[in-house]
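Remarks on the structure that follows.
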Amino acid sequence: MSSGLKILELTFDEFLEILHTRYGKGIYHARVIYREVFQNGILDLKNTRAFSNSQNFAHAITSDLEINTGKLIEIKKEDGTTKFITRLQDDHEIESVVIPMATHNTICVSSQVGCRFGCKFCQTGQLGFARNLTTEEIIGQVYSAKFKLNLIARNIVFMGMGEPFDNFENVIQAVRVLNDQRGFNVALRYITISTVGEKTAIQKLSSLGMKGLRLSISLNASNDRIRTQIMPSRKISSMETLRHTLIHYPFSKKETIFITYVLIQNINDTYEDALELAEYVKPIPSKINVIPYNPRSASPFESPSTEKVMQFCNWLAECGVFIRKRSPKGQDVMAACGQLGKIKKS
Ligand code: SF4
């Protein structure tokens, strides 16, 4: 019976320590196993050449390793984008998306089953909150994309289901594992955490010194009146507190923060909103990604016209705001954290 060495939850150093404690093995064996699992997707180490003279150990570690990435129950391709649903061990389902970019793939991963923040424009927000994902379940999405779907992603964005900072420890441990050079080896500058912005969590992140890790703020409003209307959770910091926190965030000189702004017709799309937004972001080294709202079933909001989106972007540009070029269709799913919900069967 497996004693459950959950390798996907462990950095190399953590794995090495456990291997040493359980088996008295050192860095040579740890390197081989970690590489086989994370780089080659191999869990059966009995035929690995490096272990040809230590078959007892190879058998023991093979039965000891435990990887529960869940079961892929639906895979859907749209406009080059691949969405997949994973059924977890307790039957909860999560959604992930792999998006092809010009030179690489980006994977959008979930951090929770549902979300407790209840943002009105967000599909995930309508599901309610079920539970946090474990580090293994978060990493499992990248693992499944790579080894089950053959989709290797260079960039990883925490913009799937859930508010990543509401599951802070597991998300940060996942970032550490993803970043480990002996495993997936994803540079921190290729990992983005998208958040609604809560002061304490942002400050906690900055205290970790994870230089290069990208932050994206799901702002979606030009003032607190509109923001609390569409993002009602009391856990979300006021816009002034958020701005103060971001101004003091330890960005390197070249770094900017992404601010996503879901443009919703008759809610946050006026000239005054653009002016107020431009004024708000002025002291923050940032780029704004304006995303037209994409109505979901039973949505209380409507999508703005293409002309309106262009006009809003032009107003911002005239104010000197850097705007990220609007994403092609498939990438709109990354509008903000948790724009995902269960894929409807077609
Ligand atoms: S936008 Fe983010 S924080 Fe808000 S409900 Fe959706 S997943 Fe949760």
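Values in this text are rule-based calculations from the coordinates and carry no lab data. All values derive from a computational prediction rather than experimental measurement. So basically every Cβ, Gly included, is an ideal-geometry build from the backbone, and we count neighbours across all protein chains shown.
Give the relative contact order (percent, whole number) for the range 79-200; include only Cα pairs under 8 Å separated by 6+ residues.
Contact order relative to length: 23 percent.
What distance in nm separates the two pseudo spin-label positions at residue 63 and residue 210, each 7 Å out from Cα along the beta-carbon direction?
3.7 nm
Once Lys and Arg get +1 and Asp and Glu get -1 on their Cβ, which of 88, 143, 278 lies farthest toward the positive end of the dipole of the chain?
Positive-end residue among those listed: 143.
Whole-Å semi-axes of the chain's equivalent ellipsoid, largest first, each the root of 5 times a Cα gyration tensor eigenvalue?
The equivalent ellipsoid of the chain has semi-axes of 39, 21, 17 Å.
Over the Cα atoms of the range 103-210, what radius of gyration and what Dmax do you get, in Å?
13.7, 41
Given Cα pairs under 8 Å that are at least 6 residues apart, what percent is the relative contact order of the range 7-64?
20 percent
Give the long-range amide H neighbours of residue 127: residues separated by 5 or more places, or on another chain, with amide H under 5 Å away, using H modelled in the peptide plane at 1.01 Å from N.
HN-HN under 5 Å from residue 127: 115.
What are the residues whose amide H is under 5 Å from the amide H of residue 291, where those residues sit 5 or more places off or on another chain and H is modelled from the backbone?
Correct list: 261, 262, 263.
Of 77/146; 199/287; 25/71, which ones are farther than 24 Å apart at the Cα?
Checking Cα-Cα distances, 25/71 exceed 24 Å.
Any chance you could give the angle, 0 to 90 degrees and rounded to 10, that helix 27-40 forms with the longest Cα principal axis of the chain?
The angle comes out at about 50 degrees.
If you count, for each residue, the other Cβ atoms within 10 Å and average over each peptide, how do 205-211, 315-321, 82-88, 15-21 line up from highest to lowest?
So the order, starting with the most tightly packed, is 82-88, 15-21, 315-321, 205-211.
If a/c stays under 1.5 just call it rounded; otherwise compare a/b with b/c (prolate if a/b is bigger, oblate if not). Do that for the range 7-64, with a ≥ b ≥ c from the square roots of the Cα gyration tensor eigenvalues.
It comes out oblate by the Cα gyration axes.
At 7 Å along the Cα-to-beta-carbon direction for both residue 72 and residue 23, put a label point, then send me their distance in nm to one decimal.
Between residue 72 and residue 23, the simple spin-label model gives 2.8 nm.
Whole number please: convex hull volume per residue of the Cα set in the range 1-105, in Å³?
Convex hull volume per residue, Cα atoms: 139 Å³.
For the range 32-166, how big is Rg over Rh, using alpha carbon atoms and the Kirkwood form of Rh?
1.05
Place the peptides 302-310, 176-184 in order of packing, highest mean first, counting for every residue the other Cβ atoms within 10 Å and averaging per peptide.
Ranking the peptides 302-310, 176-184 by packing returns 176-184, 302-310.
When only Cα pairs under 8 Å and 6 or more residues apart are kept, what is the percent relative contact order across the chain?
Once normalised by length, the contact order is 16 percent.
Quickly rank 50-56, 284-290, 92-98, 271-277 as a protection proxy: mean count of other C-beta atoms within 10 Å, highest first.
With the highest mean Cβ count within 10 Å placed first, the list reads 92-98, 284-290, 271-277, 50-56.
Can you bin the range 152-194 into rounded, prolate or oblate? Criterion: square roots of the alpha carbon gyration tensor eigenvalues sorted a ≥ b ≥ c, rounded for a/c under 1.5, prolate for a/b above b/c, oblate for the rest.
Since a/c reaches 1.5 but b/c is at least a/b, the shape of the range 152-194 is classed as oblate.
Note down the magnitude of the dipole of the chain about its Cα centre, charges +1 on Lys and Arg C-beta and -1 on Asp and Glu C-beta and zero elsewhere, to the nearest 20 debye.
That gives a dipole near 620 debye.
Classify the range 84-129 from the C-alpha gyration tensor, please: rounded if a/c falls under 1.5, else prolate or oblate depending on whether a/b exceeds b/c.
oblate
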